[in-house]
1. Return the loop-located chymotrypsin sites (Phe, Trp or Tyr not before Pro) in the chain (DSSP other than H, G, I, E, B) with at most 12 other Cβ atoms within 10 Å of their own Cβ; answer none if there are none.
2. When the accessible area of region 1-66 is split by element with a 1.4 Å probe, what percent falls to carbon and sulfur?
3. Send over the Kirkwood Rh of the chain, from the inverse of the averaged 1/r over different Cα pairs, rounded to one decimal Å.
4. Give me the extension gain from residue 35 to residue 23: residue separation times 0.36 nm, minus the current Cα-Cα distance, reported in nm with one decimal.
5. Provide the per residue accessible area, probe 1.4 Å, for region 1-59, rounded to a whole number of square angstrom.
6. Which of the GluC sites (Glu not before Pro) across region 1-94 are loop residues per DSSP, with 15 or fewer other Cβ within 10 Å?
7. Quick one: how many Å² of residue 7 are accessible to a 1.4 Å probe, rounded to 10?
8. To the nearest 500 deg cm²/dmol, what mean residue ellipticity at 222 nm is calculated for the chain from DSSP H runs of n ≥ 4 alone, each contributing -39,500 (n - 2.57), summed and divided by the residues?
Amino acid sequence: MEVVYISGAYRSDTKNGVYENIQKARKVALKYWKLGYAVICPHMNTAFMDGACSDDTWLNGDLELLRRSDIVVMMPGWQDSAGAKEEHSLVMGLDKMIIYEKE
């Protein structure tokens, strides 16, 4: 079974914005579970743990999970997220399929 990593914005100016970003990622993750993939959705993995560790801890952990994934799904608007841009930059140097989700 191939492993899919979901990449997209997590942070927002408001808690409601973070919640909405998590829900968008959850919807995409569920789509890929239903397609038969094992899915890593970092949005759900660390939901609302903001401040419990440094931002670098979360991002470095996410980048390691990305390295271990087979496919990366870039969610719409990923270009506006510093973390997703860093994930995209890393995956461009790896031999992985990238899927760009449409809205």
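1. Values: sites: 5, 10, 19, 32, 33, 37, 48, 58, 78, 100; in loops: 10, 37, 48.
Sparse-neighbourhood loop chymotrypsin sites (Phe, Trp or Tyr not before Pro): 48.
2. Working: 2200 of 4060 Å².
The computed percentage sits at 54.
3. Details: mean 1/r = 0.0736 Å⁻¹.
Here the Kirkwood hydrodynamic radius works out to 13.6 Å.
4. Values: separation 12, 0.36 × 12 = 4.32 nm, distance 1.86 nm.
That works out to 2.5 nm of additional length.
5. Working: 3760 Å² over 59 residues.
Ligands and nucleic acids excluded, the result is 64 Å² per residue.
6. Counting only loop positions with at most 15 other Cβ atoms within 10 Å, the GluC sites (Glu not before Pro) in region 1-94 are 2.
7. Spelled out: residue 7, probe radius 1.4 Å, area about 0 Å².
8. Numbers: 4 runs with 48 residues, N = 103.
Helix-only estimate at 222 nm: -14500 deg cm²/dmol.
The values are calculated or read from the model by the stated rules, or taken from the named source; none is laboratory data. All figures in this text were calculated on a predicted structure; none of them were measured in a lab. Virtual Cβ from ideal backbone geometry, glycine too; neighbours counted across all protein chains shown. Surface areas here come from the heavy atoms of the whole protein model, side chains and all, with no ligands, DNA or RNA. Shrake-Rupley method; radii C 1.70, N 1.55, O 1.52, S 1.80 Å.
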